[in-house]
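The values are calculated or read from the model by the stated rules, or taken from the named source; none is laboratory data. Everything numeric in this text was worked out from a predicted model, so none of it was measured. In this analysis, Cβ positions are derived from the backbone assuming ideal geometry, glycine residues included, and neighbour counts consider all displayed protein chains. Please note that ligands, DNA and RNA were not included when accessible areas were found on the heavy atoms of the full protein model with its side chains. Shrake-Rupley method; radii C 1.70, N 1.55, O 1.52, S 1.80 Å.
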Amino acid sequence: MLKRIFSVLIISLLLCGLCACDLNEAITDAKDALIESERPNDVTTSNITLENSDDCRIVTMQDYGVSFELPKDWYVDMEDTELDVFCTSEDVSMGIFAYHTDDFANDTDYFEIWEEQCESDLKRFENTQKLDHNSKFESTDKEIETVIYSCEYENIKLYFYYVYVKPNSNDDTFLWISFSGIPSEMRNNFDVIEDVVDSIKF
């Protein structure tokens, strides 16, 4: 990755004749160009919009009035999925089921629904174990609950990081989110995962 960044950078310098004061900007542009060229094409739907900013990619779920930020190397893939949103990088996958609370009875415990969804999702796997993890969220505008499981599938170990998110301001919507990947990549991406959750806006 680093060699390719420098290759793109050298070509840019030769073509543009940049001075030393522009070096940091050139490095940033080269890295962004490489990310853009290597990231797979997004597959979206009419209900999912995607906007690229300088720092991130902003995904909006139009049907639920929910948006969140992804790192620039992540992409959206809505092909062949029952999820409301599926996003992924080379290392971690993210799936979201969104719910309108007025689709449930008045006395429904939404957190219980989230727990049941987690249990249902884990039935596909073997040797499931709950893990300890101290999540670090900065959000104060929403309720966030998490749980992480280790499990196995065809001799491969996986981590599943489940997140329940509900806004403090209203009871209209809540989210069931699943992040998954092999243990080493998940551990390396815990901060990224929690930044994505922190960025959620209702």
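Listed values, structure above:
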quantity	calculated
Condition met for V197 (assigned to a helix (DSSP H, G or I), open to solvent by less than 10 Å² (accessible area, probe 1.4 Å) and either in contact (Cβ under 8 Å) with a residue 24 or more places away in the chain or of a type in the set (D, E, K, R) (or both))	yes
I113, sole failed condition from (1) out of contact with any Pro (no Cβ under 9 Å at 6 or more places or on another chain); (2) part of a strand (DSSP E or B); (3) surrounded by 15 or more Cβ atoms within 10 Å (Cβ to Cβ)	(2)
Segment 144-157, subset open to solvent by 60 Å² or more (accessible area, probe 1.4 Å) and within 21 Å of the chain's Cα centre (by Cα), residue nearest to G181 (Cα to Cα)	K157
Among (1) among the aromatic types (F, W, Y); (2) under 13 Å from the mean Cα position of the chain (by Cα); (3) at pLDDT below 95 - the single one F104 does not satisfy	(2)
Answer residue from segment 130-143, given it is among the polar types (S, T, N, Q) and more than 17 Å from F68 (Cα to Cα) and is most open to solvent (accessible area, probe 1.4 Å) among those	N134
Any hit, segment 77-100, residues being part of a helix (DSSP H, G or I) and open to solvent by less than 40 Å² (accessible area, probe 1.4 Å)	no
Unmet criterion (only one of (1) part of a strand (DSSP E or B); (2) over 14 Å from the mean Cα position of the chain (by Cα)) for I177	(2)
Residue within segment 44-51 that is closer than 27 Å to E185 by Cβ, among the small types (G, A, S) and modelled with pLDDT under 95 present	no
Failed item in (1) open to solvent by 50 Å² or more (accessible area, probe 1.4 Å); (2) modelled with pLDDT of 95 or more; (3) out of contact with any helix residue (DSSP H, G or I) (no Cβ under 8 Å at 6 or more places or on another chain), with V66 passing the rest	(1)
Pair list, Cβ under 6 Å, 6 or more apart: segment 160-181 residue of a type in the set (G, A, S), other residue open to solvent by less than 10 Å² (accessible area, probe 1.4 Å)	S178/G95; S178/Y162; G181/V92
Residue within segment 111-129 that is touching a residue at least 60 places away in the same chain (Cβ under 8 Å) and under 22 Å from L70 (Cα atoms) present	no
